[in-house]
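The values are calculated or read from the model by the stated rules, or taken from the named source; none is laboratory data. From a predicted model like this one, the values you see are computed outputs, not experimental measurements. Methodologically, a virtual Cβ is constructed for each residue, glycine included, from the backbone with ideal geometry; neighbour enumeration extends over all protein chains shown.
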Amino acid sequence: MAEVYFFTNRNLVPDYGKSGTNPPPGFGGGLVGAKKPGGSLKNAGYFGGGFSGGIRFGRAEVTDYGTISEKPEIFYEDVEDPNPDKHILGSQELFDNLHKIMQEKETDTMFYIHGFNTTFEESLTKAAALKRWFEDGGEKMNWLVFSWPSDGKLLAYRSDRDDAKDSATAIKRGLLKAADFIKKMRKEQLCKQKIHLMAHSMGAYALGQALAVMYPEKPMQLFDQILLIAADTDTDALEKRRGLGFLEHLGQRVSIYYNAEDKVLEWSDRYKGNPARLGAKGPSRPCKLPRMFTQIDCTAVIDHQAGADFFEHSYHRNNEYVRRDMINVLRGVRDDRIHKRKYKDWGRFYDLMK
């Protein structure tokens, strides 16, 4: 069983899936159950593809077979709380739980933003699969996923992109709540563990939109390592005064993983009218990026690998070479000392080799 924490701006659909109901199109399968103040766990509804009035926080157990257990929790809502002094808000409960685990088990925490074509349930099961995948590689972490309202449909690219953009405020609120939680800690409460950030595919686009509205309201440096995987953003998205360019203020190091044979991003580029994608071409002007930005071309280790996904877009959760490289990054190994990297003669740019 894998424990996954989440926060989401998806709409909670009352009585979804019960006999006689007819949920509107775009509301996919999701998490059942809501924990009400002063009460027990009840079957209240599913999170679907629509937007809620705020963000909700919770925790779920995912079985080894990739299914959600029967008793997930939705913590007390941070949505228009009429009596905030009488309840522990969902964000507070989530961060309290994670802080306790980080202290007692001495484990880092990964904040994960998923890509497009992902239902709420899939965002949890994918995070759980990543948790196991990294544990198998020797890196045990807690996982917190932000589940934005993707429709979970392959052909809903445009709709998902709009939803990712409109999720900027929710991501901003989540980051600021985390920063505020840490700022309020006393010195003796701080632990030595680290918080990392991973954004995959359209999740990187959503993150960039959030950072664009967050600054100049610059928060504390919240993360240690930041990983951008197969980013479905423009190749100049990392430059100064662009959304993802603000990552230099948010973490110690930013690692950009990309694959020239990524079929999903080729489709995004060729058929959806987008410019060249960061997750396929890498940064357009890498020499102009701060030294904390490192580019890793994964094409050589993904091509023709047995068992790789056909679209070559999810290599962060199925490619052992990429996993080994990411684990070295998370452990703070210097870029020029990470095994199986081939250094290019310009910028902080590496080819990942078998």
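Listing for the model above:
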item	result
The stretch 55-77: number of residues that are surrounded by fewer than 16 Cβ atoms within 10 Å (Cβ to Cβ) and modelled with pLDDT of 75 or more	6
Inter-residue pairs, beta-carbon under 8 Å, first in a helix (DSSP H, G or I) and in the stretch 84-97, second at pLDDT 90 or above and surrounded by fewer than 17 Cβ atoms within 10 Å (Cβ to Cβ), 6+ apart	SER91/PHE181; GLN92/PHE181; PHE95/PHE181
Selection count, the stretch 260-275, where residues are surrounded by 14 or more Cβ atoms within 10 Å (Cβ to Cβ), more than 20 Å from the chain's Cα centre (by Cα) and not in a helix (DSSP H, G or I)	4
Residues of the stretch 222-242 satisfying the condition of being more than 18 Å from LEU265 (Cβ to Cβ) and either at pLDDT 90 or above or touching a Pro at 6+ places or on another chain (Cβ under 6 Å) (or both)	LEU222, PHE223, ASP224, GLN225, ILE226
Residue within the stretch 21-28 that is modelled with pLDDT under 85, in a loop (DSSP other than H, G, I, E, B) and either touching a Pro at 6+ places or on another chain (Cβ under 6 Å) or under 27 Å from LEU330 (Cβ atoms) (or both) present	no
Single condition GLY137 does not satisfy, out of (1) more than 15 Å from the chain's Cα centre (by Cα); (2) among the small types (Gly, Ala, Ser); (3) surrounded by 24 or more Cβ atoms within 10 Å (Cβ to Cβ)	(3)
So TYR257, is it assigned to a strand (DSSP E or B) and of a type in the set (Phe, Trp, Tyr)	yes
Count of the stretch 164-194 residues which are charged (D, E, K, R) and surrounded by fewer than 15 Cβ atoms within 10 Å (Cβ to Cβ)	7
Qualifying residue in the stretch 311-323 (condition: modelled with pLDDT of 95 or more, among the β-branched types (Val, Ile, Thr) and surrounded by fewer than 16 Cβ atoms within 10 Å (Cβ to Cβ))	no
Residue match in the stretch 157-175 (condition: without any contact (Cβ under 8 Å) to a residue 24 or more places away in the chain and either under 30 Å from LYS100 (Cβ atoms) or of a type in the set (Lys, Arg) (or both))	no
Subset of the stretch 124-153 (residues that are charged (D, E, K, R) and outside any loop (DSSP other than H, G, I, E, B))	LYS126, LYS131, ARG132, GLU135, ASP136
Matching helices (runs of 4 or more DSSP H) fully within the stretch 154-248 where at least 3 residues are under 18 Å from ALA280 (Cα atoms), of a type outside the set (A, V, I, L, M, F, W, C) and within 20 Å of the chain's Cα centre (by Cα)	202-214
Criterion (crowded, with 24+ Cβ neighbours inside 10 Å, within 17 Å of ASN11 (Cβ to Cβ) and of a type in the set (Phe, Trp, Tyr)) met by exactly one of PHE146, PHE116	PHE146
Close pairs from the stretch 178-194: first under 25 Å from GLU139 (Cα atoms) and touching a residue at least 24 places away in the same chain (Cβ under 8 Å), partner in a loop (DSSP other than H, G, I, E, B) and charged (D, E, K, R), Cβ under 6 Å, at least 6 apart	LYS194/ASP224
